[in-house]
Structure formats: C-alpha cells, structure tokens
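Just below is one structure, and these are the notes that go with it.
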Amino acid sequence: MEPARGMDFQVVVLAGGFSKSLVPLVSKEVPKALLPVANRPVLSYVLNLLEQNNVTDLIVVVEGETAALSASSWISKTYIDRLHVEVAAVPEDVGTAGALRAIDHRLTAKDILVVSGDLVCDVPPGAVAAAHRRHDAVVTALLCSAPVSGPSDSGSSGAKDKAKKPGRYNIIALDPTKQFLLHIAAGAEVEKDIRVQKSILRAVSQMEIRSDLMDAHMYAFKRSVLQDVLNQKETFQSLRRDVLPYLVRSQLRSELMSNGVQSDENGNSKDAMQNSKILPSQLLANESTPSFHELYALGPDGSASITRKTHKCCVYIANKSNYCARLNSIQAFSDINRDVVGVANHLSGYSFSAQNNIIHPSAVLGSKTTVGPQCVLGDGSQMGDKCSVKKSVIGRHCRIGSNVKVVSSVIMDHVTIGDGCSIQGSVICSNVQLQERVILKDCQVGAGFVVTAGSEYKAESLAKKERP
C-alpha cells in the first residue's frame, strides 16, 4: 500500500478485536471497533478524522478473523468511494506491538502514523506528523489532557461536573521546552518510582513531571526504527508499555541500527562521522536553541571528537480545548457516549435541535413523553406514554413501553423495554428484552439477554453464557 496522500505517512489503525475489558458490551457479533458511540461505530470517528485530514489510504488491523470480517464488511459499505482501506487480520491477543509485527512486510513508507481505533478526538493527525518531521524524531506521541471520568448523576449541575478530577492515566516527564519525552509510565507502572537515566537528567538539567496528560495512542514512527525494535525485541507486546518506554530510555545511548543512517564496512555510521565534523559549527550558526540530544552528541568537551549516538522522542501536546478520549473500558464507553452528545457534540456528525438533542424523524413519542437535552433517539424507535429520557443515547428500532425512565444510559439497537422500567447509568446491548418494572442502576446487559419482570439490579453485569 502506498503512503497516504495529503501527508506522506503510511497510516495504520489498530482496531483491536473482542476486547476482554469490554465484556459484555462486545460479543461475537459486535467487536470493539463496531461498538456504538452516539449510534455510530467507534472506528468511524478515527476514519472520519483521517478522511478530514486528506488521508485516503490506510491499513486497519483487526485481531481475529471473525472481527476482521465484521469490520471489513462495515468499512466497505460505509466508506465506498471515500477511503481505500486494507483490512488486515492478525491473531488475537498479540498486543499493539505484536499487531504491527504481524504486518511488518506491509510497512514501506519512511514514516508510519499509528492510531488506535478506539480514539475519539479532534486533534489533526497532520500536526503530530509535522512535529515528527520538524525534529527528525524516531517517535512522536500525541499527548492530551486526561479526560474527566465517572458517572454523571441525573441531577448534576455543570459545577458538579467541573469538580470531577481527571483520571490518572500516565506519569510523563518532559524537557523544559515541552517538546521531548524523558519518561513515560502507564498502567501499573504509574504507581512505581520514577526512574530516569542519569545521562538524560544531566543533559536536560531540569524536567517537568506531569500526571494530567494522557498518551492518546497516536504515534508517528520512523519506520526503520520501529521495524528494528519490533524485530530485535521479540518479547515486546505493547507500543505504550514496551516500545515507547524503551525508545525514551535509550535516546542518549541509542542502539538503533537503522536510525536513518548507513553503516560502513566497519559498522561505523557514515552520517554520524560526517556530522561530527560539522555539528559544532552548525549548532553555533543555528539561531534556534539546539536540543539536549544535539548538545549531548558533541561529547563532554563540546568538540564532537567522541561521537555519541542519540535519537529523539518527541511529543505533540494538544490544546486543552481539544477533545481526546479512548474507548478502552466500560466506564470510558459511557463517558464518551455522554460527551459526544454533550460537550463534544461537534464530533457526532449530527445537527442538534433547538432543544440540544437528536430525535430521528421516524421515531415515535407517546403522550407526555419527554426527551431532554444531550440525548439521541435513533431511527424507527418508539416510546410509549409518560416516558422520560435524560442524557442518554437510544439506538435504532427500540420498542419502549409507558412510564419508562432512562437516565445517563446507552441503549443499543432493537431493545425492547416493558412498562414501568427505570434505567440509570447503564448500558443495554442490542436485542435485549427488559420485561415490566425492571430497575437497573449502573449495570451492563449483554446482547440478547432477557431480564425478567420486577427484577432489580445494581452494579451488575448480566450476560448470556458464551458457547465455547
């Protein structure tokens, strides 16, 4: 596949498979990539973002043959004549690094843009690509403000929402210019002591440690370096937990063989040898401040008599006004659905009514039924009398009885809800049947499940047992 037009990066979208962390929302029929956000598959948000930024050719990597077939069928139907998408199936549970390793032979461009298929954001990928090229980096990571997470109570005011604290996703250390990455910890590593190489500390003299930023899982990589690391470090499974920290740790003692340079017969870098003669004068002549990598490469006496091999790990920090979140947990699924019909409704692709909601023209509402702001009601859905919907997304062709209350919830397609039900802070998957007077609070109900009349559940996950 040729590099994408518009920016000469080859674009790879890692769309995952049947993510265990999203059970029971995912199923054999609905892989992670097709989970609905405001009644659109989450993958559509990344594909639309790329399309808006003139990317027309890309590879979508899906874990598992079944998930790949589902994703491929939806993509070809939705983006026909718009995008040229090659869907590549890789084994399940190989991780993000493993997925790239599996398609290594398809990566041909000088630079690769890797984007997570669960990313919902409005940061232009071209900005990340430009920062990457400007610094001649081996990797450039997009960092965003950590999203506010947590259930939104039905009666919560805007002030209460603002009082919520952002989640702690990463511990990130930056150089004083906020352009270079000195340390990154994710997952369980966030709770451990911060360890930064002495050479890096000496070179930068000071650093800024941040816990309010999130690694958005949009990376620009120098292809030769990415392939080297994937081939040499066969145990690496995750870009975020393995590849990126490795590149950051080793940036002043680079072991990379293909950092865009040719080696001579003795294994010495020709470019490095040539650069060592001109680098000091280049730096003096350059009006802009040289990076700590360039100063370090000069050696202790500043003469570059000893060539030190370095590589740059850069960041592009999005504006606080940008929206950026990843659908990588059940809580995130609810949060993003809430946001895309609320604070980030510009991403939804819908034109909201004067009441700040979307009610499809084919939907039918009974007498004295109200659908509040920040709600979506999908096509063909019907609601009985005296129902109330607040801050919720209701899918297509749902049948909802009378006296039903839905608050801060997501209801997928073809759901049947009996009279007198109350649903709060819950996710109801497709083809579920709730019989009369069911009460659900903070629950997830898997596809096709039947909840019997009069049942009451709180913080439960209800799902059919998967056949082996």
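Just so it is clear, none of the values below were taken in a lab; they were calculated from the coordinates. It should be emphasised that the depicted structure is a prediction, and the values quoted were computed from it without experimental measurement. With ideal geometry, Cβ positions are generated from the backbone for all residues, glycine too; neighbour counts draw on all protein chains shown.
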For the peptides 349-362, 437-450, 222-235, what is the packing order when you average, over each peptide's residues, the other Cβ atoms within 10 Å and list the highest mean first? 437-450, 222-235, 349-362
Which whole-angstrom value gives the distance between the alpha carbon centres of segment 355-389 and segment 428-443? 18
Once you have the Cα-Cα distance between H360 and D122, take 0.36 nm times their residue separation minus that, and quote the gain in nm to one decimal. 83.2 nm
What is the distance, in nm, between label points placed 7 Å from the Cα along the Cα-to-Cβ direction at R106 and at R133? 2.4
Expected output is a single nm value to one decimal: the length gained when fully extending between S205 and E460, i.e. 0.36 nm times separation in residues minus the C-alpha distance. What is it? 86.7 nm
Here the equivalent ellipsoid of segment 360-416, derived from its Cα gyration tensor, has semi-axes (largest first, whole Å) of 14, 13, 10
For labels at Q382 and L69 in the simple 7 Å Cα→Cβ model, what's the distance in nm? 3.4
Please report the base-10 log of the normalised intensity I(q)/I(0) for segment 1-77, using a Debye sum with one equal scatterer per alpha carbon and no solvent, at each q in 0.21, 0.25 (1/Å). -0.93, -1.18
Rounded to two decimal places and with Rh computed the Kirkwood way over Cα pairs, what is Rg over Rh for segment 319-437? 0.97
